[in-house]
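Written out below as structure tokens is the structure these notes cover.
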Amino acid sequence: MDTQPGERCPFLQERLVNYCSAAQLTKFVPFSTQTGRCGTDSYRFCEAYLELARPAKPEEMHAPPALLYSPNHMWLHSSGTGTVHVGIDGFLAHLLGSIDQITFTTLRGMQRPSAVLSVGGVDWPLVFPNPMLIASANLYLRCAPNRIVDDPYGAGWLFEGKEPAGGNVRQGLITGDDAQRWADHEQQRLLEQISRIGQKAGVANDGGSIVRGVMRQLSREETLRLCHEFFAPHASFWREI
Ligand code: SF4
């Protein structure tokens, strides 16, 4: 480097940076990290983004087409650059209505993301069927668990991680039209199940939909039966999809 005195300090360097205009204090984002959260569509899970530009919520029982779904009602979002997020779908959020507590049972490393949801005295372990390299869990949910059910596709995300090299984190998941057909079928199956256990209070006045938070109206045994039917790790897709 030329350190001879001149018109400007020889140690002044110029670099291209981005900055986050959502942060109260200017936060510079290195230009080289265009594949991180800020430079990919993983931004949709950033707290600062969600604070200022919360996107319209999808209809609760609708399956957003950009996501992939597991049979036990969890979703996977891939940024296309290897970063993935996992959460619960709107169907499960609607049934829960609210939750008392979440306990993360996996926090880092190559694992099947899992967490225990506590609702009305029932603890239900949710396990995403495929392993991924977990980088972090959304620990903020420990003190604000209802974010999971109020914004399941945004601030209520559960895990962030990387697609494992050579692994297949998308194996057995469905998306697009298949996902919506499956979601519609699951609603019908749920209506039949709720009617079978005689919980008329769980069915809305229109006779064709389930009231939000129906799980809190069920007995412990009925809740467990419903969870085994729809949210167990061994759940499988409706075979005619
Ligand atoms: S993703 Fe978040 S930190 Fe990055 S630019 Fe957007 S709001 Fe700022």
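Laboratory data are not the source of any read-out in this text; all were calculated from the coordinates shown. Remember, it's a predicted structure, so these values are computed and weren't measured experimentally. Glycine also receives a Cβ, built like all others from the backbone with ideal geometry; neighbour counts cover every protein chain displayed.
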- Message: If I model a spin label as a point 7 Å beyond the Cα along the Cα-Cβ vector, how far apart are those points for residue 221 and residue 135 in nm?
- Response: 4.7 nm
- Along the stretch 65-72, Karplus-curve 3J(HN,Hα) (6.51, -1.76, 1.60; θ = phi - 60°) to the nearest Hz, with x for Gly and Pro, reads x, 6, 10, 10, 10, 9, x, 8
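Using Cα pairs under 8 angstrom and six or more residues apart, how large is the relative contact order of the stretch 9-150, in percent?
15 percent
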- Item | Exposed-site-free run, longest, the chain (rule: chymotrypsin sites (Phe, Trp or Tyr not before Pro); DSSP loop; at most 16 other C-beta within 10 Å) | 12-237
- Task: Apply the Karplus parameterisation 6.51 cos²θ - 1.76 cosθ + 1.60, with θ equal to phi minus 60°, to every residue of the stretch 5-16 and state each ³J(HN,Hα) to the nearest whole Hz, in sequence, with x for glycine and proline.
- Result: x, x, 6, 9, 4, x, 8, 6, 10, 10, 9, 7
- Mean-square fluctuation maximum in Gaussian network of the chain, Cα pairs under 10 Å, restricted to 146, 168, 72, hits 168
- Once the Cα atoms of helix 220-230 and of the chain are each reduced to a long axis, what angle between those two axes, in degrees from 0 to 90 to the nearest 10, is obtained? 60 degrees
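With contacts defined as alpha carbon pairs under 8 Å and 6 or more residues apart, what's the relative contact order of the chain in percent? Show your work: numbers first, answer last.
Values: 401 pairs, mean separation 47.6, N = 241.
Relative contact order comes out at 20 percent.
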- Note on the structure: Beyond 23 Å, the calculated P(r) of the stretch 55-144 holds a percent of Cα-Cα pairs equal to 23 percent
- Message: Restricting to Cα atoms and excluding each atom paired with itself, what does the Kirkwood estimate give for the chain in Å?
- Response: 19.7 Å
- Step through the residues of the stretch 142-147 one at a time and calculate ³J(HN,Hα) from phi using the Karplus curve (6.51 cos²θ - 1.76 cosθ + 1.60, θ = phi - 60°), rounding each to whole Hz and writing x for Gly and Pro. 4, 9, 9, x, 6, 4
- Helix-only CD estimate at 222 nm, as mean residue ellipticity for the chain, using -39500 (n - 2.57) per DSSP H run (n ≥ 4): -6000 deg cm²/dmol
- Note on the structure: Between the Cα axis of helix 176-196 and the main Cα principal axis of the chain, the angle (0 to 90°, nearest 10) is 40 degrees
- Message: Kirkwood Rh over alpha-carbon pairs of the stretch 91-204, then Stokes-Einstein at 4 °C and 1.567 mPa s: what D in µm² s⁻¹, rounded to an integer?
- Response: 82 µm²/s
- Longest segment of the chain lacking GluC sites (Glu not before Pro) that sit in a DSSP loop with at most 16 other Cβ atoms within 10 Å: 61-239
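Tell me, which longest segment in the chain has none of the trypsin sites (Lys or Arg not before Pro) that fall in DSSP loops with at most 13 further Cβ atoms within 10 Å?
With a cap of 13 other Cβ atoms within 10 Å, the longest stretch comes to 109-238.
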- Item | Cα-centred dipole magnitude for the stretch 71-205, charges only on beta-carbon of K, R (+1) and D, E (-1), debye, nearest 20 | 260 debye
